[in-house]
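Laboratory data are not the source of any read-out in this text; all were calculated from the coordinates shown. What you see is a predicted model, and the numbers here were worked out from it, not measured in a lab. A quick note on method: Cβ atoms are made from the backbone with ideal geometry, for glycine too, and the neighbour counts reach across all protein chains shown.
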Amino acid sequence: MEIILFGQLADIAGASAIRVEGMQDTNMLKAKLEAMFPGLEKVKYMLAVNKKMVQENLPLSGSEAIALMPPFSGG
Amino acid sequence: MQTPDTYKRYQRQTILPGFGDAGQYKLLSGRVLVIGAGGLGCPVLQYLAAAGVGVIGIADHDTVSLSNLHRQVLYTMEDIGKPKAEMAAEKLRALNPELIYRVFNEAVTTNNIIHIIKEFDVVVDGTDNFATRYLVNDACVLMDKPLVFGAISRFEGQVSVFNVPSGLDGACIHYRDLFPNPPKEGEVLNCADSGVLGVLPGIIGSFMANEVIKLLTGLGKGLSGTLLTFNALTNESMKWQLQKRLDSDGLVPSSVAALQQRDYSWECGMPSDGIEIDVATFEVMLKEGNVALIDVRELDETPELKRWVHQKIPLGTLMKGEGTFYAKQIVFICQSGKRSLTAANWGKEKYADKKFYSLSGGLVAL
């Protein structure tokens, strides 16, 4: 599945979109991403599945569009 | 509608379907507070004054500087060094003298925020730091004030409307539903460190002004329960459906008195125990010697540091542990004092036998 990274999360991952396969739910996905990109566990971000914010663990089929959004402070 | 001039001024919007004299009357009776008269605040203020929002509050404690002018389009060279809130009010009065402008030339704090926002119907967050953003959010939740939110970073922006019932359940979503707790210092880039495309706050601020106008007139569908994001490089925008968190309301202080007791700067990890030094202390320390000065900016960043002997070790390289410190005291410096603070905190944890400092405000302060 494709994961789109916004703001400085793209710097941490080194790309604004990455692919990860075989994820069964959002908790597994988060753990996988944080293992791939160690800087990720230190920052705050919101996770969205098909443009819907997710707060609890959600099962994934593999066809979802995932996005990670960090907070921005600038004004 | 008051005078023939008033009629003429707003004629192009009052002829809009659904707007009419009634819509204009709602704007003229509206009271909107804009917190932060910077990159986002400038376009919001201009469009609200142009559209005829009856009472416009402007809160900002800062003064205009040359590095503001590429994006803060209300100000000119003559305003440099002058208070933003007062200068903004002067420009807006020239644009539309029929409105009432209320100037708050002071920092919004836990002590004054409730008193300031209670006079207004809608609050606009155009601030530039998390401590104030969380303070504004919490105060608006407590006072039940609609909050038009906007934030930017480099080429990307976010917009939403908080504390307005949304969705089927009518939940009032706010900033703590997106990000329950503030990030610590150094976790997120700021404009001075990471830069911002000048036109971006113009785009995001215009979205925010549009949300205010829709809230006041009741036109269209607002962004409550939705986060709009925009990328200026790709022109991609996304609408994210937000959700109420079970714990978000509990993170807001339970009362005005509780809010006044909170230390928002501390929650954002801002001032830390004596690790940050001001320019005067910095100069004394360097004169006395036995201090190593390290510039943690990227190697190609300007302006160059010329006045003092120093080493250049970019933050990323430094934190990989590739530097050796010969002096007992190490002072880090960067553009705004943010990366150098990260470096000093890192050093303090790693090398117990050395003292680490960060120049507060960075090169900009020198």
Legend entry - MRE, 222 nm, helices only [DSSP H, n ≥ 4, -39500 (n - 2.57), over chain B, to nearest 500]: -10000 deg cm²/dmol
Inset, instruction - Grab the DSSP H runs of chain A that are 4 residues or longer, score each as -39,500 (n - 2.57), total them, divide by all residues and round the 222 nm result to the nearest 500 deg cm²/dmol. - result: -6000 deg cm²/dmol
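Just need the relative contact order of region B:276-365 here, percent rounded to a whole number, with Cα pairs under 8 Å and 6+ apart. Don't jump to the answer; show the numbers that get you there.
Details: 162 pairs, mean separation 30.1, N = 90.
Across region B:276-365, relative contact order equals 33 percent.
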Legend entry - Cut-off under 5 Å, modelled amide H: who pairs with residue B:223 long-range: B:161
Inset, instruction - At a Cα cut-off below 19 Å, give the lysines reachable from residue B:306, other chains included and same-chain residues fewer than 8 away excluded. - result: B:287
Legend entry - Cβ-derived FRET efficiency at R0 22 Å, residue B:181 paired with residue B:249, nearest 0.05: 0.95
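Find, among the GluC sites (Glu not before Pro) in region B:1-100, those assigned to loop by DSSP (not H, G, I, E, B) with at most 15 other beta-carbon atoms within 10 angstrom.
Loop-located and lightly packed - B:98.
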Inset, instruction - Calculate the length of the line joining the C-alpha centroid of region B:194-237 to that of region B:13-27, in whole Å. - result: 22
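For every other residue with a beta carbon closer than 13 angstrom to the beta carbon of residue A:16, add +1 if it is Lys or Arg and -1 if Asp or Glu, then tell me the sum. Walk me through the numbers before you get to the answer.
Working: positive: A:19, B:154; negative: A:2, A:11, B:156, B:236.
Local net charge: -2.
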Inset, instruction - Using θ = phi - 60° and the Karplus relation 6.51 cos²θ - 1.76 cosθ + 1.60, list the HN-Hα couplings for region B:167-179 in order, rounded to whole Hz, with x at every Gly or Pro. - result: x, 5, 8, x, 5, 9, 7, 9, 4, 6, 6, 7, 10
Inset, instruction - Give the distance, in whole Å, between the Cα centre of region B:127-156 and the Cα centre of region B:68-111. - result: 19
Inset, instruction - State which entries of B:91/B:221; B:312/B:354; A:42/B:244 exceed 22 angstrom in Cα-Cα distance in the structure shown. - result: B:91/B:221; A:42/B:244
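Please report the net charge: other residues with Cβ closer than 14 Å to the Cβ of residue B:6, K and R +1, D and E -1.
Values: positive: B:8, B:9, B:12; negative: B:5, B:21, B:98.
Local net charge: 0.
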Inset, instruction - Return the single residue from A:53, A:23, A:36 with maximal mean-square fluctuation; model: Gaussian network over chain A, springs between Cα atoms under 10 Å. - result: A:36
Legend entry - Integer Hz, Karplus 6.51/-1.76/1.60 couplings in order for region B:79-89, x for Gly and Pro: 8, 4, x, 9, x, 4, 4, 6, 5, 4, 4
Inset, instruction - Compute the length gained on full extension between residue B:310 and residue B:77: take 0.36 nm times their separation in residues and subtract their Cα-Cα distance, giving the result in nm to one decimal. - result: 80.5 nm
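On a 26 Å Cα-Cα criterion, which of the cross-link pairs A:44/B:239; B:8/B:82; A:32/A:52; A:32/B:184 come out too long?
Where the Cα-Cα span goes over 26 Å, the pairs concerned are B:8/B:82.
Could you tell me which GluC sites (Glu not before Pro) in chain A are loop residues by DSSP with no more than 13 other beta carbons within 10 angstrom of their beta carbon? Please list the in-between numbers first.
On the way: sites: A:2, A:21, A:34, A:41, A:56, A:64; in loops: A:21, A:56, A:64.
Here the sparse-neighbourhood loop sites are A:21, A:56.
Can you give me the relative contact order of region B:203-356 as a percent, contacts being Cα pairs under 8 Å and 6 or more apart?
Rounded, it is 15 percent for region B:203-356.
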Inset, instruction - Report, in whole Å, the centroid distance computed from the Cα atoms of region A:44-75 and region B:341-366. - result: 34
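Between residue B:214 and residue B:98, what FRET efficiency comes out of the Förster formula 1/(1 + (r/R0)^6) with R0 = 30 Å and r the beta carbon distance, rounded to 0.05? The partial results should precede the final answer.
Numbers: r = 22 Å, r/R0 = 0.73.
For R0 = 30 Å, the calculated efficiency reads 0.85.
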Inset, instruction - With a Förster radius of 22 Å, plug the Cβ-Cβ distance of residue A:41 and residue B:298 into 1/(1 + (r/R0)^6) and report the FRET value to the nearest 0.05. - result: 0.35
Inset, instruction - Give the cross-link partners of residue B:118 among the aspartates and glutamates, using a straight C-alpha distance below 14 Å as the criterion and excluding same-chain residues fewer than 8 apart. - result: B:138, B:144
Inset, instruction - Answer rounded, prolate or oblate for region B:23-154, using the Cα gyration tensor with square roots of eigenvalues a ≥ b ≥ c: rounded when a/c is under 1.5, else prolate when a/b is larger than b/c, else oblate. - result: oblate
Inset, instruction - Report ³J(HN,Hα) in whole Hz for each residue of region B:97-111, in order, from the Karplus equation J = 6.51 cos²θ - 1.76 cosθ + 1.60 where θ = phi - 60°; Gly and Pro get x. - result: x, 7, 9, 9, 10, 10, 9, 10, 8, 7, 6, 6, 10, 4, 7
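For residue B:327 and residue B:8, calculate 0.36 nm times their separation in residues minus their Cα-Cα distance, and state this gained length in nm to one decimal.
That pair, residue B:327 and residue B:8, stretches by 107.8 nm at full extension.
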Legend entry - Relative contact order computed over chain B (Cα-Cα under 8 Å; 6+ residues apart), in percent: 14
Inset, instruction - Assign one of three labels to the protein assembly as shown, namely rounded, prolate or oblate, based on the Cα gyration tensor with a ≥ b ≥ c the square roots of its eigenvalues; rounded applies when a/c is under 1.5, prolate when it is not and a/b is larger than b/c, and oblate otherwise. - result: oblate
Legend entry - Amide H partners (placed H, <5 Å) of residue B:104, local residues excluded: B:58, B:59, B:60
Legend entry - Angle between chain B longest axis and helix B:4-14 axis [Cα atoms, degrees, rounded to 10]: 80
Inset, instruction - Scan around residue B:54 for amide H atoms under 5 Å from its own, H built in the peptide plane at 1.01 Å from N, and keep only partners 5 or more places away or cross-chain. - result: B:28, B:29, B:30
Legend entry - GNM flexibility winner over chain B from B:107, B:232, B:94 (Cα, springs under 10 Å): B:94
